[in-house]
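Engineer: Encoded as structure tokens, here's the structure I'll be asking about.
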Amino acid sequence: MSFCQQEHIQEVLDKWTQIDDEIWAKVIVFEKNRRVAKAIGLCGFDNPHRDQKTDELKKHIGQGVKIKMDDAGNILIRRYSKSSVFVKSTAATSSEETAIGQDLFDMKKFQSNVNRELRRAYPDRKRLETQCLSAVAFVKSDADLLE
């Protein structure tokens with residue numbers, strides 16, 4: 001797990017008792033490894049360090065994606081943009097894919113992994129936390145999105 005991932009998980013854990021029950025995700029917006037915001041809606045955030053190429057790419061995003069949770073606790077992502085969307089999930093077995101309508105988080109699989117971890121002599125909470133992370137990118141990158 002990268003330092004960036006650890007830092008954001010710790011931030012959630014530090015505020016755990018203050019988090020509203022209706023909040024089921026934390027979205028952090030990055031532009032070229034720079035944290036720009038902790039909310040959804042890319043066009044509403046200014047980045048004084050934004051370069052022209054990033055500005056051009058943002059124009060191609062269009063409607064982007066919608067992320068929602070179903071009644072079973074699964075997190076789904078659907079692409080509304082004409083441009084490609086790349087999803088990297090630590091819980092998924094596949095590598096980056098174009099997201100048209102795919103599961104971002106499978107609750108049954110996670111519950112199974114929690115049960116398996118609790119049967120271990122030394123359960124590893126970080127292993128479970130990592131399964132809850134996903135990255136969504138609007139540009140194909142050679143680097144691992146979650147590193």
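The values are calculated or read from the model by the stated rules, or taken from the named source; none is laboratory data. Keep in mind it's a predicted model, so treat the numbers as computed, not measured. In this analysis, Cβ positions are derived from the backbone assuming ideal geometry, glycine residues included, and neighbour counts consider all displayed protein chains.
Engineer: Take residue 18 and decide whether it is at pLDDT below 80, over 13 Å from the mean Cα position of the chain (by Cα) and surrounded by 12 or more Cβ atoms within 10 Å (Cβ to Cβ).
Structural biologist: No.
Engineer: Please pick out the residue among 27, 139 that is modelled with pLDDT under 80, surrounded by 14 or more Cβ atoms within 10 Å (Cβ to Cβ) and not in a strand (DSSP E or B).
Structural biologist: Checking each option against the conditions leaves just 139.
Engineer: From the list 83, 112, 94, 89, pick out the single residue that is modelled with pLDDT under 80, loosely packed, with under 13 Cβ neighbours inside 10 Å and among the polar types (S, T, N, Q).
Structural biologist: The unique qualifying residue is 94.
Engineer: What do you reckon, is residue 42 at pLDDT below 75, surrounded by 13 or more Cβ atoms within 10 Å (Cβ to Cβ) and out of contact with any Cys (no Cβ under 8 Å at 6 or more places or on another chain)?
Structural biologist: yes
Engineer: Determine the pairs where a residue that is part of a loop (DSSP other than H, G, I, E, B), located within region 48-76, has a partner that is among the charged types (D, E, K, R) and surrounded by 10 or more Cβ atoms within 10 Å (Cβ to Cβ) with Cβ atoms under 7 Å apart, the partner being 6 or more residues away or on another chain.
Structural biologist: Here the result reads 49/34; 50/31; 74/103; 74/106, each pair linking region 48-76 to a residue that is among the charged types (D, E, K, R) and surrounded by 10 or more Cβ atoms within 10 Å (Cβ to Cβ).
Engineer: When the residues of region 77-91 are narrowed to those that are among the hydroxyl-bearing types (Ser, Thr, Tyr) and in a loop (DSSP other than H, G, I, E, B), which ends up nearest to the chain's Cα centre (by Cα)?
Structural biologist: In this case the residue turns out to be 90.
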